[in-house]
Amino acid sequence: MTTTKKNDAAPPVTVDIATGEVTEKTVDLDTPIQRGNTTITQIVVRKPQSGALRGCRLQALMEMDVDNMTLVLPRVTMPALTRAEVLMLDPADLITLSTEVVLFLLPNRVKSDIPTA
C-alpha cells in the first residue's frame with residue numbers, strides 16, 4: 001500500500017506504507033514540454049525495477065550518462081517521456097530527473113548519510 005505526501009515546500013512523493021520507502025517523486029519542470037495541445041509541467045519519476053534498467057550500465061547511470069538516461073527515463077516517467085523528448089529536455093530538467101533516478105538506485109544505508117535541504 002502506498003500513500004502520497006504533499007508538502008508546500010517540496011513536490012509530492014509516494015511512500016510505501018509498509019517500508020517507508022519513497023517509490024515515486026514528482027518533478028516540476030523548469031521548461032515545460034509541449035506534446036500536441038498538452039503542456040507537461042510535471043513529471044512523476046517512479047523507482048525503477050531491475051527490468052527498467054536492462055540495456056544500461058549501472059555505473060553509467062550513476063554518472064548520469066545521457067545515453068543511458070534516454071533509455072531509462074521513458075520507462076520510469078509518468079507521463080512516459082519519449083526518447084526524443086528526453087533529448088530535447090532543458091539541461092536543468094534532465095539533471096533533475098536524472099538525479100531522482102540515481103537517488104532511487106542508492107542503498108538505504110547510503111541515502112541516510114545524504115544531507116537533505
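Each reported figure results from applying straightforward, stated rules to the coordinates on display, with no laboratory input. Fair warning: this is a prediction, and the values are worked out from it, not measured in the lab. Here the Cβ is made from the backbone with ideal geometry for all residues, glycine too, and neighbour counts use every protein chain on show.
Numbers for the structure displayed
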read-out: The stretch 25-107: mean projected area of Cα convex hull, nm²; value: 4.9 nm²
read-out: Within the stretch 25-107: Cβ-based charge dipole about Cα centre, in debye rounded to nearest 20 (Lys, Arg +1; Asp, Glu -1); value: 440 debye
read-out: Inter-label distance, nm, simple model (7 Å from Cα along the C-beta direction), V102/R57; value: 1.6 nm
